[in-house]
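To keep things clear, I will list the structure first and then write my remarks on it.
Values quoted throughout were computed directly from the atomic coordinates according to the rules given, and no laboratory measurement underlies them. For clarity, every value in this text was computed on a predicted model and none was experimentally measured. Positions of Cβ are backbone-derived with ideal geometry, glycine not excepted, and every protein chain shown enters the neighbour counts.
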Amino acid sequence: MKITKIALVLLLVSVLALTVASQISQVTSTISVEEVKTCTTNFYNEVQDVYGNYNYYHNYSLCLNTSGPNTDCSTQQDILNLTGKLVQVTVTKNSTECTPPNKYIVSIDKGATTEKKEIDFSQWGACIQNTENNCLIVTCVSNEDGAFKGQFTDCKGGKSCQRFEICDNSIKTFYKNSRDNFVENDPSFYLGKLILTEVTK
C-alpha cells in the first residue's frame, strides 16, 4: 500500500478586523484609568489531516503449483486493520494581536458626577502609569526623542518627556528634556505637547 504524505498547508485568508480592547484599573478610591488599545484579528484557513482506524483489503493470488508453476491458483483476501489518515478538513482559525495601550481615559469620581479626561498618545509616544501620594501619575516619552520602537524606556539623558499628575482636586502637567527633573515650563522641550482633553460622552 502506498501512503502519500501531504504536508500541512496554511491558507491565509487575511481578513483583518480592527477592534478596540480596554482594561479598567482602579487607581485610588476616586480615580480609575481605562487603557484603550487597538487589536487586529487575522482569520485564516488551516488544512488538517484527520487520522483514525480503517480496514485495508489486501487481495492476492495463492497458487498450489500441483501441476507446474502458477497452477491451481485462487484469489485470497486478507483484511488488515490499520491506523492512518482518513480525510482532510479545513478549519477556520484566528489570531489576535494588540498594540500597547495608546490612550488613557481617566475617571475622577466627584460624588454626584464623574469627570472624565482623555490622554491620546497614539501619535506621540509611549506612556506608563503609577500612583504617588494618592494621585495618578502618567509619564510619557516621545517617539521622536526617547521611546525605543514605540516602547517606554525612561526619561533620562535628554529625552523629551511629559508627566501628568492627576489628583482628586487638581491636574498638573510637567515637562523635561535637557534637565534632570520635571518642571511646568522647560524651554528645552521643543516638541508638540500632549493634551489632556475632556470626555463629553
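Checking every one of the chymotrypsin sites (Phe, Trp or Tyr not before Pro) in the stretch 121-154 against DSSP loop status and a limit of 10 other Cβ atoms within 10 Å picks out no site at all.
Could you let me know the centre-to-centre spacing of the stretch 133-201 and the stretch 95-116, using Cα atoms, in angstrom? The stretch 133-201 and the stretch 95-116 have Cα centres spaced 18 Å from each other. The base-10 log of I(q)/I(0) for the stretch 82-201, evaluated at q = 0.20, 0.22 Å⁻¹, reads -1.13, -1.28 [Debye formula, identical scatterers on Cα atoms, solvent excluded]. From most to least packed by mean Cβ count within 10 Å, the peptides 168-175, 26-33 give 26-33, 168-175. Distance from the Cα centre of the stretch 68-88 to that of the stretch 23-52, in angstrom? Taking the Cα centre of each part, the stretch 68-88 and the stretch 23-52 sit 54 Å apart. Between Ser122 and Ile24, the modelled labels are 2.1 nm apart [label points 7 Å from Cα along Cα→Cβ]. Each residue of the stretch 84-97 was assigned a 3J(HN,Hα) from its phi angle through the Karplus expression (A = 6.51, B = -1.76, C = 1.60, θ = phi - 60°), giving x, 6, 9, 9, 10, 10, 9, 10, 8, 10, 8, 9, 10, 10 Hz with x at Gly and Pro. Among the trypsin sites (Lys or Arg not before Pro) within the stretch 68-116, those in coil by DSSP and having at most 12 neighbouring Cβ atoms inside 10 Å are Lys110. Using a Gaussian network model of the chain in which every pair of alpha carbons under 10 angstrom is joined by a spring, one finds that among Leu136, Leu80, Leu62 the greatest mean-square fluctuation is at Leu62.
Expressed in Å, the radius of gyration and Dmax of the Cα atoms of the chain are 33.5, 114.
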